[in-house]
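Below: the structure, in structure tokens.
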Amino acid sequence: MNILLIEINPFASATTPISLGYIAAYLKSNGFGVKILAVGEDMSLSCSGFHELINSFKPALVGLTAYQRTMLYVRGFARLIKSIDNNIKIIIGGPQATFMPSSAFAELADIDYICRSSGEVTLLRIARAVDNGTPFSDLLGVSYKDNEGAVYDTPELEGFTDLDKYPSAYLNDVFDYSSMREAIMLTSRGCPHDCIYCYTPRAFKHKITFHSIERVIEEIKWISKKGVKRLWFADPNISFKPKRVIELLDRILSENLEFEMWMQTRADLVTKELMKKMKQAGVKTIAFGLESASEQVLTRLGKHLALEKVVQAIKMAQQQEIEVELFTIFGLPFETFDDAVKTLEFVKKNNVKIMGNTNSQQMQIYFGTHLAGHYKDYNIRPLNTDRPAYISIGSQYETEYIRTSELHEIQNMWRAHSLDGGKRIVS
């Protein structure tokens, strides 16, 4: 049986969909045929071309990665797939799906399943059910809508705590390296913190799981052989275990693996020793989450990070000539217009270039975040009160402290100081 996995991001160039890579490798290791389609702004895909792909590959199951800003595209692809072959089962997964209310099925006529648990093990369970001709039996980790339109929520399905149990997308050549500009890596998953605006902690139950250093080095060696020379480490906090990341960097150096690398971590998880080692190993850019430079705002975000720690981390990176990026957000709870301006001034004062990920953006209130469930407690007023159930509040809100017009003004201020016109790499 064949399975098609699709990632849609019409707002940026198509990139390596590492999450789908993990799922594809796991499904392949269990005997299924899998193809990944990454749709970006830099590629051409016609309806007839997609029709030809479906008819030639003949998937019995299609998985679509769902984000707030791509939901209309997800619905469009699902509708097109069902028009080609109504027997194909369709599942949505990813950040928008995990905590999406099951009532969304009423407006997602072409979607059969919503993934609630670890994508690899959940998709395998569904794939086996579809392959057995019983697509709605013995399921876990999903909500689903059966052939009669009845909606069911199943118990969670636990993924592996040892990430090495998942086959490697790289070592199993899931991706096409010919057009790969950089390889997205994951040495760990999850986050133990409680930031009220973030989806990740709850999605991973406030835990971090890890790959072994040996597995990561094996993947990097393979990627090097394929001619890719840039690594993008997508771990939320790669230096959560300082000794572990030092060991990783030492292995990269001892194996003479030459890459340009991008990493992100918390500003209070770096040291001078670590920064020096990063520079030696090839780290060109380090990203820290600042969010806000207003102390009165920052202390209420559940981030538990002092501004002076961010300043120290920036200086340590700059002393090693490592480029710094700062993730910032405006429109935060209890933030005034003046508070938001402080964040822009902080970035400028610390000589961080406003480009790429340092381009600020309005906070998004997504399903699964603390804010989504308690927005009234933070005096947040949604503007899209008649939104469909598959869409969260997102950026459609104002607060007791800041109006829509001021949010637009802040965005324009950032764009005026941006070196790349406000374009960003990661949303």
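The values are calculated or read from the model by the stated rules, or taken from the named source; none is laboratory data. Fair warning: this is a prediction, and the values are worked out from it, not measured in the lab. Because the Cβ atoms are built from the backbone with ideal geometry, glycine has one as well, and the counts that use them run over all protein chains shown.
Values for this structure:
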| read-out | value |
| --- | --- |
| Enumeration of residues in segment 88-115 that are under 18 Å from Asp131 (Cα atoms) and of a type in the set (Phe, Trp, Tyr) | Tyr113 |
| Subset of segment 165-201 [within 24 Å of Val245 (Cα to Cα), more than 14 Å from the chain's Cα centre (by Cα) and surrounded by 15 or more Cβ atoms within 10 Å (Cβ to Cβ)] | Tyr166, Pro167, Ser168, Ala169, Tyr170, Glu182, Ala183, Thr187, His193, Cys195 |
| Some residue of segment 403-416 being more than 29 Å from Pro101 (Cα to Cα) and hydroxyl-bearing (Ser, Thr, Tyr) | yes |
| Members of segment 366-420 found to be assigned to a helix (DSSP H, G or I), of a type in the set (S, T, N, Q) and either without any contact (Cβ under 8 Å) to a residue 40 or more places away in the chain or more than 23 Å from Leu301 (Cβ to Cβ) (or both), listed by number | Thr404, Ser405, Asn412 |
| Residues of segment 249-289 classified as in contact with a Cys (Cβ under 9 Å, 6 or more places away or on another chain) and either surrounded by fewer than 17 Cβ atoms within 10 Å (Cβ to Cβ) or not assigned by TED's automatic domain parsing to the domain that holds Thr343 (or both), total | 0 |
| Any chance Phe57 is in the same structural domain as Pro135 (by TED's automatic domain parsing), touching a strand residue (DSSP E or B) at 6+ places or on another chain (Cβ under 8 Å) and either under 29 Å from Ile208 (Cα atoms) or surrounded by 19 or more Cβ atoms within 10 Å (Cβ to Cβ) (or both) | no |
| Filter pass, Leu332 being touching a helix residue (DSSP H, G or I) at 6+ places or on another chain (Cβ under 7 Å), over 25 Å from Arg189 (Cα atoms) and crowded, with 23+ Cβ neighbours inside 10 Å | yes |
| Among residues of segment 284-338, those that are part of a helix (DSSP H, G or I) and free of Cβ contacts under 8 Å to residues at least 60 places away in the same chain, counted | 18 |
| Checking Lys205 against (1) on the phi < 0 side of the Ramachandran plot; (2) without any contact (Cβ under 8 Å) to a residue 24 or more places away in the chain; (3) out of contact with any Lys or Arg (no Cβ under 7 Å at 6 or more places or on another chain), the condition it does not meet | (1) |
| Residue match in segment 211-219 (condition: part of a loop (DSSP other than H, G, I, E, B) and within 17 Å of the chain's Cα centre (by Cα)) | no |
| Residue list for segment 5-36, restricted to those being touching a helix residue (DSSP H, G or I) at 6+ places or on another chain (Cβ under 9 Å), within 17 Å of Asn172 (Cα to Cα) and of a type in the set (A, V, I, L, M, F, W, C) | Leu5, Leu20, Ile23, Ala25, Leu27, Phe32, Val34, Ile36 |
| Residue list for segment 312-321, restricted to those being surrounded by fewer than 19 Cβ atoms within 10 Å (Cβ to Cβ) and touching a Lys or Arg at 6+ places or on another chain (Cβ under 9 Å) | Gln319, Gln320, Glu321 |
| Candidate set: segment 48-76, residues that are part of a helix (DSSP H, G or I) and among the aromatic types (Phe, Trp, Tyr); chosen: the one farthest from the chain's Cα centre (by Cα) | Phe57 |
| Which listed residue, of Phe77, Phe32, is closer than 24 Å to Leu140 by Cα and outside the structural domain of Arg387 (by TED's automatic domain parsing) | Phe32 |
| Matching option when the condition is farther than 15 Å from Phe346 by Cα and either in contact with a strand residue (DSSP E or B) (Cβ under 8 Å, 6 or more places away or on another chain) or of a type in the set (A, V, I, L, M) (or both), among Thr299, Thr265 | Thr265 |
| Given (1) closer than 30 Å to Ser224 by Cα; (2) modelled with pLDDT of 95 or more; (3) not charged (D, E, K, R), index of the condition Val174 fails | (2) |
| Filter pass, Ala38 being assigned to a strand (DSSP E or B), among the small types (Gly, Ala, Ser) and assigned by TED's automatic domain parsing to the domain that holds Gly119 | yes |
| Top-ranked residue of segment 107-132 - restricted to ones that are in contact with a Cys (Cβ under 9 Å, 6 or more places away or on another chain) and of a type in the set (A, V, I, L, M, F, W, C), ranked as surrounded by the fewest Cβ atoms within 10 Å (Cβ to Cβ) | Ile126 |
| Some residue of segment 179-201 being touching a Gly at 6+ places or on another chain (Cβ under 9 Å), of a type in the set (S, T, N, Q) and not in a loop (DSSP other than H, G, I, E, B) | yes |
